[in-house]
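Q: There's a structure below that I have some questions on.
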Amino acid sequence: MNAIIGGRNNFLMRSTLHSTTKTRVVVPLVWRSSSSTLLTRVRAAPDEEDTRQEQKVQQDDEPVWVRRERERELMAKEGSKDLPFGVYLLFSAMVAIAAIGSIFEYANKNPIFDVIYPDSPFYAPILGVFAITGVPTAGYLFYKAVSSANAEAERMDKLDGY
């Protein structure tokens, strides 16, 4: 696209949009007050949108392992908000086993770690706290494990381009 535009200080200028780099090139054509012609090229800085497109094309062209390394560096700088899903799953299983075990201990009237016997006033409250709070806590930790695993799968799909 060419356009003749009136310039400042008696310049007559031609404005052209460069086809490959998508930048505007302004060329002064004639200096009106003298007989000599001034020919210079001025190249404008590329638009922000063009640089964003170039960065996106560059990111699409780089290998998967380079993108993963960049993602790891960003995660290291930001810091992880959640634990890995395996840790949540492990804690969920341990809490669930302890909660169900405390129900069996209470039903069979076995001493707690051979320290607190069934005739102690602390026997029922201790096992009750483990049983009542353990099952919902195990459920919540299992939910966090599944959520964390899904978030990790989404992140990996994004890195792989899906």
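The values are calculated or read from the model by the stated rules, or taken from the named source; none is laboratory data. Predicted, not measured: the structure shown is a model, and the values here were computed from it. Neighbour counts are summed over all protein chains in view; Cβ atoms, including those assigned to glycine, are modelled from backbone coordinates with ideal geometry. These accessible areas exclude ligands, DNA and RNA; they are computed on the full protein's heavy atoms, side chains included. Shrake-Rupley method; radii C 1.70, N 1.55, O 1.52, S 1.80 Å.
Q: Extension gain Met94-Ala149, at 0.36 nm per residue separation less the Cα-Cα distance, in nm? Working shown, then result.
A: Numbers: separation 55, 0.36 × 55 = 19.80 nm, distance 1.87 nm.
Length gained, Met94 through Ala149: 17.9 nm.
Q: I'd like to check one number: the per residue accessible area of the stretch 62-156, probe 1.4 Å, reported in Å² as a whole number. Working shown, then result.
A: On the way: 6910 Å² over 95 residues.
Solvent-accessible surface per residue comes out at 73 Å².
Q: Let me ask another. Using per-residue counts of other Cβ atoms within 10 Å, averaged over each peptide, order 132-142, 117-127 from highest down.
A: Details: 132-142: 15.6, 117-127: 12.6.
The densest-packed peptide leads the list: 132-142, 117-127.
Q: For the stretch 123-162, what % of the accessible area comes from carbon and sulfur atoms, probe 1.4 Å?
A: Values: 1790 of 2590 Å².
With neighbouring chains kept in place, the figure for the stretch 123-162 is 69 percent.
Q: Here is a follow-up. Are there any trypsin sites (Lys or Arg not before Pro) in the stretch 80-152 that are in a DSSP loop and have at most 15 other Cβ atoms within 10 Å? List them by number. Provide the component values of the computation, followed by the final result.
A: Details: sites: Lys81, Lys109, Lys144; in loops: Lys81, Lys109.
Sparse-neighbourhood loop trypsin sites (Lys or Arg not before Pro): Lys81, Lys109.
Q: Heavy atoms only, probe 1.4 Å: what % of the accessible area of the stretch 65-109 goes to carbon and sulfur, would you let me know?
A: Numbers: 2420 of 3590 Å².
For the stretch 65-109, the apolar C and S fraction of the accessible surface comes to 67 percent.
Q: Something else now. With every protein chain left in place and a probe of 1.4 Å, what is the accessible surface of Asp82, to the nearest 10 Å²?
A: Roll a 1.4 Å probe over it and Asp82 shows about 70 Å².
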